[in-house]
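Below: one structure, written as structure tokens.
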Amino acid sequence: MKLDQVIQERRSIRGFTDQPVPRALLEEVIALANRAPSSMNTQPWHLHVLTGEPLERVRRGNTERMLEGVPPSREIGDYSAYEGEHRKRQVEIAVQLFEAMGIERHDAERRQDWVMRGFRQFDAPVSIVVCFDRVLLDNPIAHFDTGAMTYGLVLSAWSRGLGAVINGQGIMQSPVVREVAGIPEDQVILTCVALGWPDDDFVANSVVSRRRPVSNTARFLGFDE
């Protein structure tokens with residue numbers, strides 16, 4: 001695919017087939033994502049790629065703890081609730097997804113099931129746990145750099161026919177993820193990416209989130225009109 005096509009067509013995939021993803025293909029995807037820019041080439045990121053039994057253990061641990069009412073435990077600073085325009089966009093994509101899935105506003109059971117799918121990492125065959133060096137925890141540039149690599153990861157996957165969704169729910173119970181994946185203490189868990197072959201029959205996969213126009217995003221100064 002051409003770069004323009006990959007960027008324009010990529011979307012978050014939340015339904016996957018159970019077809020395994022070859023390790024060689026994942027290594028190819030990660031090698032390309034590693035070309036992401038970072039501040040002074042510091043490359044602070046680390047990836048832990050889970051499938052099979054280890055991933056199932058993470059899924060069970062996440063869902064069991066959440067259903068038991070264990071408070072979420074993330075390793076980066078939590079963020080406050082979105083407000084204003086940010087909240088409107090958050091609600092908009094939720095409405096798009098629920099409408100596509102036929103989930104009514106009053107259907108508490110199906111809405112809860114949707115939430116739990118996130119904690120199961122959308123039943124994807126692969127989860128990539130994204131970390132960065134703990135020594136940089138208070139350095140916001142490290143977060144930025146790791147985010148740039150993560151975007152490269154989902155673009156690289158899409159260019160090879162794989163689907164992905166960046167999924168903070170999947171690491172809400174970070175102690176479970178850290179224990180199962182054997183993540184070293186000198187790394188901080190930032191997020192994870194659920195990844196696999198898209199299920200074309202899963203209707204939410206057709207949802208394309210709306211984007212602000214350039215006129216609402218950028219200001220241009222010093223240009224001839």
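Assorted remarks:
- Lone qualifier among I166, I141, I128 - being in contact with a Pro (Cβ under 9 Å, 6 or more places away or on another chain) and either surrounded by 21 or more Cβ atoms within 10 Å (Cβ to Cβ) or touching a residue at least 40 places away in the same chain (Cβ under 8 Å) (or both): I141
- Every residue from segment 4-20 that is acidic (D, E) and within 14 Å of S156 (Cα to Cα): D4, E9
- Residues satisfying the stated conditions in segment 90-125, i.e. of a type in the set (D, E), loosely packed, with under 15 Cβ neighbours inside 10 Å and touching a residue at least 60 places away in the same chain (Cβ under 8 Å): E92
- If you filter segment 155-188 down to residues that are modelled with pLDDT of 95 or more, assigned to a loop (DSSP other than H, G, I, E, B) and aliphatic (A, V, I, L, M), you find that the one that is nearest to W45 (Cα to Cα) is I183.
- Odd one out for I183, checked against (1) crowded, with 22+ Cβ neighbours inside 10 Å; (2) touching a His at 6+ places or on another chain (Cβ under 7 Å): (1)
- Matching option when the condition is over 24 Å from I13 (Cβ atoms) and buried (at least 16 other Cβ atoms within 10 Å of the Cβ), among R65, R74: R65
- Residue within segment 149-160 that is closer than 25 Å to M66 by Cα, touching a residue at least 60 places away in the same chain (Cβ under 8 Å) and surrounded by 21 or more Cβ atoms within 10 Å (Cβ to Cβ) present: no
- Test: residue in segment 218-225 that is within 26 Å of A94 (Cα to Cα), of a type in the set (G, A, S) and out of contact with any helix residue (DSSP H, G or I) (no Cβ under 8 Å at 6 or more places or on another chain): yes
- Lone unmet requirement of (1) closer than 21 Å to P71 by Cα; (2) among the aliphatic types (A, V, I, L, M); (3) at pLDDT below 95 for V208: (1)
- Residue within segment 11-18 that is within 22 Å of F202 (Cα to Cα), surrounded by fewer than 11 Cβ atoms within 10 Å (Cβ to Cβ) and either in contact (Cβ under 8 Å) with a residue 40 or more places away in the chain or not charged (D, E, K, R) (or both) present: yes
- Residue that is under 23 Å from R117 (Cα atoms) and among the basic types (K, R), where the choices are R219, R178, R160, R211: R178
- Meets criteria (in contact with an Asp or Glu (Cβ under 8 Å, 6 or more places away or on another chain), in a loop (DSSP other than H, G, I, E, B) and farther than 27 Å from N62 by Cα) for R219: no
- Just so you know, in segment 198-216 the residues that are part of a loop (DSSP other than H, G, I, E, B) and in contact with a Gly (Cβ under 7 Å, 6 or more places away or on another chain) include one that is nearest to V130 (Cα to Cα), and it is D199.
- Being without any contact (Cβ under 8 Å) to a residue 12 or more places away in the chain and under 22 Å from V154 (Cα atoms) is a property that N41 has.
- Residue tally, condition more than 19 Å from Y79 (Cα to Cα) and small (G, A, S), over segment 125-171: 9
- Filtered residues of segment 77-104 (kept if more than 20 Å from the chain's Cα centre (by Cα) and either hydroxyl-bearing (S, T, Y) or farther than 24 Å from R211 by Cα (or both)): E104
- Selection from segment 115-154 of residues that are within 18 Å of N205 (Cα to Cα), more than 12 Å from the chain's Cα centre (by Cα) and in a helix (DSSP H, G or I): V115, M116, R117, D123
The values are calculated or read from the model by the stated rules, or taken from the named source; none is laboratory data. In this text the structure is predicted, and so the values were computed from the model without any measurement. Every residue, glycine among them, receives a Cβ derived from its backbone with ideal geometry; neighbour counts consider all protein chains shown.
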